[in-house]
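Heads up, the thing below is written out as structure tokens.
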Amino acid sequence: MRENGPVTSATRQPGTSAAALPPRLIATDLDGTLLRDDKSVSPRTVAALAAAEASGIEVFFVTGRPARWMDVVSEHVHGHGLAICGNGAAVVDLHGGPGAHRFVKVRELARENALDAVRLLRAAAPGTVFAVEQTYGFHQEPAYPKLHMEIPDNLQPAEALLAADGPDADQPVLKILAYHPDLDPDAFLALARGAVGDRANVTRSSPSALLELSGPSVSKASTLALCCAERGITPEEVVAFGDMPNDVEMLTWAGQSYAMGNAHPDVIAAASGRTVANNDDGVAVVIERMIAERV
């Protein structure tokens with residue numbers, strides 16, 4: 001289902017101290033956070049996730065990845081089977097396995113907003129090239145580099161891809177990707193946010209100058225807030241993990257949050273705590289301690 005109405009605030013509200021409430025939900029990013037650099041989930045982390053679920057703590061994967069890239073963790077979603085994908089653009093039921101996932105909630109980027117963003121970024125940063133992520137399709141401009149290890153469905157200018165009669169026009173746009181071959185990643189992010197304004201939410205999760213643009217109110221934090229509100233879970237009952245700028249809002253919203261040892265400086269500043277790096281099972285380290293404290 002598509003959703004375009006008001007969203008639950010992703011700003012942490014004053015209230016009971018997070019430390020005074022036992023956690024009810026763990027929200028974790030994947031790449032650079034839960035996954036090791038080789039994209040595996042370590043046996044220690046698998047055991048920690050299972051122990052969290054067994055103790056009554058839900059685990060949500062909250063990622064910039066599209067649903068079709070969720071096979072790395074699809075067997076670890078436990079009973080609820082849900083993951084937040086595309087930086088909050090979709091809530092996906094992974095029970096069907098790779099290629100058979102079901103979109104539970106879709107928060108699309110309006111095509112007119114996407115076209116405005118493309119126009120503004122082309123003017124602000126000449127040389128920017130684009131790709132378009134939809135629920136089931138992936139399209140890119142001919143000059144867009146091979147960053148995603150997949151064959152695009154269409155090769156056309158972004159304006160044609162986003163046209164009302166463009167490829168897969170019946171599918172909502174989840175996000176657009178903007179790549180610049182020369183700019184510093186953080187400088188490109190700041191430039192794009194200034195240029196695009198309120199037409200889209202602009203963030204990044206890649207070490208390269210690759211930006212991700214979603215609907216204006218769409219982020220990991222705002223979609224996680226919606227999922228938690230549906231379950232009667234408050235921000236103070238959420239523990240979040242992340243490593244890159246697209247995690248900052250989520251880490252700020254959650255009652256307890258941890259920057260990975262390998263995290264971006266903005267993530268370290270936003271989190272309430274810090275753990276060791278992803279390759280050292282930083283998420284598992286915190287979960288193991290949480291569960292030990294519950295006994």
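The values are calculated or read from the model by the stated rules, or taken from the named source; none is laboratory data. As the structure is a computational prediction, the values presented were derived from the model and not from experiment. Every residue, glycine among them, receives a Cβ derived from its backbone with ideal geometry; neighbour counts consider all protein chains shown. Quick note on the areas: whole protein, heavy atoms, side chains included, nothing else; ligands and nucleic acids left out. Shrake-Rupley method; radii C 1.70, N 1.55, O 1.52, S 1.80 Å.
A single member of Gly5, Gly81 is in contact with a His (Cβ under 9 Å, 6 or more places away or on another chain), modelled with pLDDT under 95 and surrounded by fewer than 16 Cβ atoms within 10 Å (Cβ to Cβ), and it is Gly81. Restricting region 163-186 to residues that are under 21 Å from Gly242 (Cα atoms) and not aliphatic (A, V, I, L, M) leaves a set whose member that is least open to solvent (accessible area, probe 1.4 Å) is Lys175. Leu109 meets each of the listed conditions (1) part of a loop (DSSP other than H, G, I, E, B); (2) at pLDDT below 90 apart from (2).
Taken over region 267-277, the criterion of being under 17 Å from Val248 (Cβ atoms) and out of contact with any strand residue (DSSP E or B) (no Cβ under 6 Å at 6 or more places or on another chain) is satisfied by Ala269, Ala270.
As a summary of the residue check, Arg231 satisfies the conditions (1) open to solvent by less than 60 Å² (accessible area, probe 1.4 Å); (2) within 23 Å of Ala89 (Cα to Cα) except for the one numbered (1). When region 95-144 is filtered for residues that are among the acidic types (Asp, Glu) and buried (at least 19 other Cβ atoms within 10 Å of the Cβ), the ones remaining, listed by number, are Glu108, Glu133, Glu141.
Each row is one residue, and each column tells you yes or no for (1) hydroxyl-bearing (Ser, Thr, Tyr); (2) open to solvent by 10 Å² or more (accessible area, probe 1.4 Å); (3) over 25 Å from Asp266 (Cα atoms).
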site: Leu155; (1), (2), (3): no, yes, yes
site: Leu161; (1), (2), (3): no, no, yes
site: Phe188; (1), (2), (3): no, no, no
site: Ala192; (1), (2), (3): no, no, no
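Of the strands (runs of 3 or more DSSP E) lying entirely inside region 155-262, those carrying at least 1 residues that are closer than 16 Å to Arg107 by Cα and within 18 Å of the chain's Cα centre (by Cα) are 173-179, 201-203, 210-214. The set of residues in region 255-278 that are farther than 22 Å from Arg24 by Cα, open to solvent by 10 Å² or more (accessible area, probe 1.4 Å) and touching a Ser or Thr at 6+ places or on another chain (Cβ under 6 Å) is empty. A Cβ distance below 7 Å, combined with a sequence gap of six or more or placement on separate chains, defines the contacts here; from region 129-154, residues that are under 15 Å from Arg111 (Cβ atoms) reach residues that are of a type in the set (S, T, N, Q) and modelled with pLDDT under 90 in the pairs His139/Asn154.
Among the numbered conditions (1) touching a residue at least 60 places away in the same chain (Cβ under 8 Å); (2) surrounded by fewer than 24 Cβ atoms within 10 Å (Cβ to Cβ), the only one that Leu213 does not meet is (2).
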